[in-house]
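In what follows, a structure is listed as structure tokens, so that the remarks can point back to it.
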Amino acid sequence: MFGVLRRLFIVLVFASPVVAADPAILRVFTHGEGVYGMVQRDGTIKGPGVDQLACASEKLGIPYALEATSMSRSDRLQQQGLLDIWFPTYDTGEPRLDGRVVGHLGDMAIYWYLRKDSALLPDDPEFWAKARISAFPGSYPDRYIRRRSNMVVNGSDDPDTMVINLMAGRFDAFLAADIRPVLSVGIERRAAGRVGLILHSKLPMRFEVSPEFAAAHPGFMPRLKAAFDACVDQSRVQ
């Protein structure tokens with residue numbers, strides 16, 4: 001499900017003049033699932049996140065290249081200097097994100113997924129000490145649970161696999177956004193009546209600029225943020 005897509009989409013735009021210190025192109029990645037940017041049958045990526053990106057690109061006069069990849073691979077691409085912007089990302093208020101999140105895609109709920117017969121629930125005092133928990137690798141929920149628990153089980157990039165492993169008892173719970181729309185029909189049917197969701201939190205979803213890109217283009221960051229802000233305001237009045 002979260003496999004790397006080799007097809008690359010480059011969108012050319014012509015608008016305001018480009019400043020010498022500006023990047024020649026914005027290299028943008030997304031996981032390709034969910035409402036903000038979904039890979040279509042023909043390989044294109046569509047959704048409100050893509051629309052907002054296209055709007056900001058046009059206002060800046062800088063083209064973008066959009067590709068889908070897994071969250072776990074996005075970290076390596078960022079470290080290699082091959083990823084400029086990732087979406088969607090949770091705006092958690094963490095200091096590491098200061099000055100590096102732009103735009104606003106809406107708010108997303110994060111849920112605990114548990115077997116309905118589970119004896120350990122998230123509000124139980126012993127949950128964090130005894131429950132084996134998991135999350136999609138490279139995601140914010142994965143970083144969150146690893147800060148709080150020594151009982152983390154490595155997750156999979158594939159939603160079906162996560163649900164299968166939960167039902168098989170390989171872990172007691174996992175933390176993620178709503179994955180029900182992307183589950184295969186067979187797994188969705190098997191999970192019905194066996195897997196339940198408990199709301200953990202709601203967080204704003206934005207575009208995350210890589211630290212490497214922000215450091216390489218400090219003078220560009222205010223223009224990038226202003227372009228995304230203008231597109232958010234524009235979408236609200238339409």
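Brief remarks on what is shown
- R146 open to solvent by 50 Å² or more (accessible area, probe 1.4 Å) and either modelled with pLDDT of 95 or more or among the basic types (K, R) (or both): yes
- Scanning the range 210-225 for residues that are within 13 Å of R27 (Cβ to Cβ) and assigned to a loop (DSSP other than H, G, I, E, B) returns S210, H217.
- Candidates are the residues of the range 138-177 that are farther than 18 Å from S70 by Cβ and aromatic (F, W, Y); the one that is nearest to the chain's Cα centre (by Cα) is Y144.
- If you go through the range 185-209 and pick out every residue that is open to solvent by less than 40 Å² (accessible area, probe 1.4 Å) and either touching a Pro at 6+ places or on another chain (Cβ under 9 Å) or part of a loop (DSSP other than H, G, I, E, B) (or both), you end up with 4.
- For the range 98-118, filtering for residues that are crowded, with 17+ Cβ neighbours inside 10 Å and closer than 23 Å to D233 by Cα leaves 7.
- Meeting the requirement of 2 or more residues that are hydrophobic (A, V, I, L, M, F, W, C) and free of Cβ contacts under 8 Å to residues at least 40 places away in the same chain, the helices (runs of 4 or more DSSP H) wholly within the range 53-171 are 127-130.
- Any hit, the range 163-182, residues being open to solvent by less than 40 Å² (accessible area, probe 1.4 Å), modelled with pLDDT under 95, over 23 Å from D124 (Cα atoms) and aliphatic (A, V, I, L, M): yes
The values are calculated or read from the model by the stated rules, or taken from the named source; none is laboratory data. Fair warning: this is a prediction, and the values are worked out from it, not measured in the lab. Here Cβ is always computed from backbone atoms with ideal geometry, including for glycine, and neighbour counts include all displayed protein chains. Heavy atoms of the whole protein, side chains included, go into the accessibility calculation; ligands, DNA and RNA do not. Shrake-Rupley method; radii C 1.70, N 1.55, O 1.52, S 1.80 Å.
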